[in-house]
1. What are the label-to-label distances in nm, one decimal and shortest first, from A:ASP46 to the same spot in the other copies, with labels 7 Å along Cα to Cβ?
2. Using a 7 Å offset from Cα along the direction of the beta-carbon, what are the separations from C:GLU129 to the same position in each other copy, nm, ascending?
3. What FRET efficiency, computed as 1/(1 + (r/R0)^6) with R0 = 45 Å and r the Cβ-Cβ distance, is obtained for D:GLU132 and B:GLU183, rounded to the nearest 0.05?
4. What number do you get for the protein assembly as shown when its Cα radius of gyration is normalised by 2.2 N^0.38 Å, N = residues?
5. Give me the net charge for the shell around B:ASP158: Cβ to Cβ below 12 angstrom, other residues only, Lys and Arg +1, Asp and Glu -1.
6. Evaluate the distance, in nm, between pseudo-label points positioned 7 Å from the Cα of A:GLU43 and of D:ASP87 along their respective Cα→Cβ axes.
7. With chain D rotated onto chain C, spot the residue of D whose Cβ lies nearest the axis and note the distance in whole Å.
8. Given C-alpha coordinates of the stretch A:1-84, what is the ratio Rg to Rh with the Kirkwood estimate of Rh?
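The values are calculated or read from the model by the stated rules, or taken from the named source; none is laboratory data. Bear in mind that the values here come from a model prediction, so they are computed numbers and not experimental data. Using ideal geometry, Cβ is built from the backbone for each residue, glycine included, and neighbour counts are taken over all protein chains shown. Protein only, heavy atoms only, side chains kept; ligands, DNA and RNA dropped before computing areas. Shrake-Rupley method; radii C 1.70, N 1.55, O 1.52, S 1.80 Å.
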Number of protein chains: 4
Amino acid sequence: MLPITEPNPPFRITRASHVSLFVTDLAASRDFYRDVIGLVVTEETDDTVYFRGLEEAAHHSLTLRRTDGAPFADRVGFRVETDEDIDRAEHWFRANDVRHRRVDVAHQGPTIQFTDGVGTHMEITSSMEVVERKMQRFDEFRAGAPQRLDHFQVVTHDVQAATDWWSQLGMRMSEYTAKDGTEELWGSWMEVKGNTHDLVFTNGRGPRLHHFAYTVPDAVKLIDAADVAGALGFGEEIDRGPGRHGISNALFLYLRDPDQHRIELFTTHYQFMDLETPPIRWDVSDPRRAQLWGMPASARWFFEASPFPEEPVNEPLLSATPGTLEDYLQIH
Amino acid sequence: MLPITEPNPPFRITRASHVSLFVTDLAASRDFYRDVIGLVVTEETDDTVYFRGLEEAAHHSLTLRRTDGAPFADRVGFRVETDEDIDRAEHWFRANDVRHRRVDVAHQGPTIQFTDGVGTHMEITSSMEVVERKMQRFDEFRAGAPQRLDHFQVVTHDVQAATDWWSQLGMRMSEYTAKDGTEELWGSWMEVKGNTHDLVFTNGRGPRLHHFAYTVPDAVKLIDAADVAGALGFGEEIDRGPGRHGISNALFLYLRDPDQHRIELFTTHYQFMDLETPPIRWDVSDPRRAQLWGMPASARWFFEASPFPEEPVNEPLLSATPGTLEDYLQIH
Amino acid sequence: MLPITEPNPPFRITRASHVSLFVTDLAASRDFYRDVIGLVVTEETDDTVYFRGLEEAAHHSLTLRRTDGAPFADRVGFRVETDEDIDRAEHWFRANDVRHRRVDVAHQGPTIQFTDGVGTHMEITSSMEVVERKMQRFDEFRAGAPQRLDHFQVVTHDVQAATDWWSQLGMRMSEYTAKDGTEELWGSWMEVKGNTHDLVFTNGRGPRLHHFAYTVPDAVKLIDAADVAGALGFGEEIDRGPGRHGISNALFLYLRDPDQHRIELFTTHYQFMDLETPPIRWDVSDPRRAQLWGMPASARWFFEASPFPEEPVNEPLLSATPGTLEDYLQIH
Amino acid sequence: MLPITEPNPPFRITRASHVSLFVTDLAASRDFYRDVIGLVVTEETDDTVYFRGLEEAAHHSLTLRRTDGAPFADRVGFRVETDEDIDRAEHWFRANDVRHRRVDVAHQGPTIQFTDGVGTHMEITSSMEVVERKMQRFDEFRAGAPQRLDHFQVVTHDVQAATDWWSQLGMRMSEYTAKDGTEELWGSWMEVKGNTHDLVFTNGRGPRLHHFAYTVPDAVKLIDAADVAGALGFGEEIDRGPGRHGISNALFLYLRDPDQHRIELFTTHYQFMDLETPPIRWDVSDPRRAQLWGMPASARWFFEASPFPEEPVNEPLLSATPGTLEDYLQIH
């Protein structure tokens, strides 16, 4: 069932903003994101490395934290417009029994951590320390030259519940995948910032973080990233692409980091702002949904994702499954 | 003097949306925008041609109207969020003595035409007829494969007044050029949609439309557009570029249509959303403001623009002038 | 065993030049090569369509011939320098018991058809009708904008014999694949025109034509070709890529035509001219040989190819086999 | 008058190969070619730096030598096929009164330096020390990622004499510029390696080296080079481009080094091999000869070049002059 976006949400979310991950070998992961992906290291401490995209003026969009345990995802972060939005969010979380807490996070303004309607570990902040935009330091561009964090994809056991939860906070659906012949949601692409998505939920064992995505300047930089990955020994860690999604029109490349967290580099989303434009529907059985050309993604891409610490993973409510590369090769 | 953006504007503008031009030879201009630029013809009548970018679901972002007179610019158009915003705008225009009128425009929802604080002919609408997004009809891509209208640049005699006028409507300055050692504005880059600009005002004889701009997928498509322009006999109508602006970081190409209206194709603006980020300042004497490499623009690019019908053109209040190519070649 | 290139060959071959194919539906195949690949139709008759790349001044580099039978490959063609080279070739073929015949081929100068040492159906000519180079008709570029035919790959049962045969005609090996720990050739990349290859032999059931290849201007055009293939319903006919070969450094995309003949589009081979430079060796078990990043090619890519009419197909002498995508997915 | 290429030249030249320059500040010039252009430093001594392109297996294609005097060009180098070709060249130079001498050059095989028919300081060698091809070290690619040296352009007072001189050595004209309505040569594009040119002569005060050129992988790398030049403070040292030449179809970018020697980065020359294809003629007054779109080159580009030590510079015999940017701006 398609959601109704709340036109006057209780607080104003502006964009997907930052993500933090637990990693087992901080130096190895730093090298990966700096050299293979091309992110800028803003700051490094004994147990944390902060990265940003080349054009970003915010202190960090990716934070790696050293762990002695398993390499969980930590938190997915959004921006709200003002400090007052943080207050309003706190009020609303309290009124609606949302698990949450005010926290101090280095280099961030007022921040609340919370768990959304399907168990995803989230965070909102209203500001960050301002640093230099590096977008014109072309001499420092490396690999894919990622410019900015754009969106997250989360696997959830209940896409409908996730979609409804975020719709009440002003997120708007741009595209969706439904079980053939029904309006049962298999995947939901939702946005606040005016292009195709800030936050995606797809059906599966969740909550788990499927990937976070940075935008790159063009198709050549995507190839450059793949070539650099190959040259640095990460050629097998490209677990999908380059290819073109039907949904969102992204030209994409997915890579796995040393702990198997997944990052997407992509280019060419489209603008999605005008209210008269309906979301685009795709049948889950339509392979063009996932790629306009080439072969389907492997089971590795579909079924592997990063769980959140101490958050139980639930079996999906919906049984629809897209075809994998393994399926495809047995048929053809 | 830097403006203060109104956080709760009287009506909500969402984006630069559409432009209309008077042209003297409708067939010649249609061919130019379709074949040299690569826009999609949505609809054609005896005296009007409607175009859109490849990803646009709105009926038109460029309208050409046949004229027997001079090839004026007609109107620059923005979107507001809802029909209620049109009502609120009407109320505000009336209350503030803004020249305006409700009009019926084919393929548009409720629409108001008005004249802004420095005489620019403007229009707002809250919806358009929805048409097919062509962004995945890659077989129909031509020349620069322009995806969507992004922004306008207007020459005005009073950049400060223009900036102040639009700030009260919620536009926010991302970058600006000031006379060296002062805060006297020579140019003002203002946005509502979350990237560097929707509307630019620069100092000069105005109001005149300097250019409107479409975004293209990558640098190669910019070169493709130049190559196609050359192949079709419009090679001399590239009046600037390819080059890289310091302001906004755009990789740009400017072309003149058969009536000498100017269109920009560009790629790679950056995101501009977080409120803690200040605007970037450039001295008018700093050539990197205008291009990070290569030579300055010619007088043709700086001083030619399209006036609006029956709107008097005023001499600029500020005497600061950037260096032209002609100046540059005499020095070097 | 590595071959010794004859420094003074009996006749002077200059380059891979043209290929002809039998197709079952001439109109469908014409549309494919014109619209999905972007080749120029030089001429069309009832039973033949001639194509060339955009920069080619020669009448054809691809000829499609209608057949009522099976869609065989027809012939693989090379250029020799002068008419005298054709005479010298005829003399040498006769002296060396090579199956051959002088033929009249429309739009070609003196031409000899022959069968090489491993049964490949070949043809040489010393000239073609000169037509317009279209490389500056950028307005006519479509899809991958293929510029010129570059090379052929032939599957053979005896790579060593094929390599030796062509070495005596002046072909020089730039790279090769050998069974691990031996000099038994699994694949042989040979050139006459000064870049990595004009003619490739790989181990398998042969002789069969694996693919012919056109060079495209850049990586973006490769993506454009894939996107256009997807838009026109040929998205599943990309049977490999985009990817980067270790051998030859090509960035590649492979497509199957309506009869399952295979065409490669690629960019960035390197120059190979200086005699002091040895060929590059790759172990057949080294996956980087085939792709520097991403997953291996499927069995479909490895084992499907176009036989030649009435030419028996032999089982390979060498039992070395590279890993397929199917193998890979079972292991991982 | 068009030359007749000698089909059996006295020795076999294979390609444009290397260039050496005298520079006044070795460290500054090294930084320029390494960081702004992206060449690989093969070796560095107190007074010499050797560079190569990323794909080159030869020890050097560019040599910088420290000078306390003026920053002259030193020598322009070609490859011949074998050591015997060096002997044959020596014999022919002697027989034809060509100023020449055998020399020992570090990292090169047998080498002869000589002065061609119009006073250009030249060198041929038959081999170089073999080093690693870096074309798959994508992680080390910088700026334009230049792959290999491709050609030279020399200004000469007598283009006809230069053309005739090199034609007897097997060079073949692919394109030429002639004074309108005559066959008086203003410029001559000549090749041996099978694409449009290895050596160009244009009319002017000479002999002087106008530029040497490296090929880059695609248009995006050309833009990358310009962006890096801008970021590193060399934005004004782009003295032409990006643009598209009519002649040769190159997409080009020209930069000046710290001593004002000029380097071209370019992509997409076409193949030129078949003997039946005539050279392309351009009138010197046709601006499309020089650029298919955009404005003409400035006087700086046309008239500045690097003389050779102690070699007198002669006034041109032909008075035809192409239009400069300065001319263009006065007219338009």
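1. Those separations, rounded to one decimal, come out as 4.9, 8.3, 8.8 nm.
2. 4.8, 5.5, 7.3
3. Working: r = 56 Å, r/R0 = 1.24.
Taking R0 as 45 Å, the efficiency between D:GLU132 and B:GLU183 is 0.20.
4. Values: Rg = 31.7 Å, N = 1328, 2.2 N^0.38 = 33.8 Å.
Relative to the rule-of-thumb radius for its length, the protein assembly as shown sits at 0.94.
5. Working: positive: B:ARG205; negative: B:ASP116, B:ASP164, B:GLU184, B:GLU315.
That sum, taken over residues with Cβ under 12 Å, equals -3.
6. Inter-label distance under the simple model: 7.2 nm.
7. So the chain D residue sitting closest to the axis is D:ASP218, 2.
8. Numbers: Rg = 15.8 Å, Rh = 14.5 Å.
Checking Rg against Rh, the ratio lands at 1.09.
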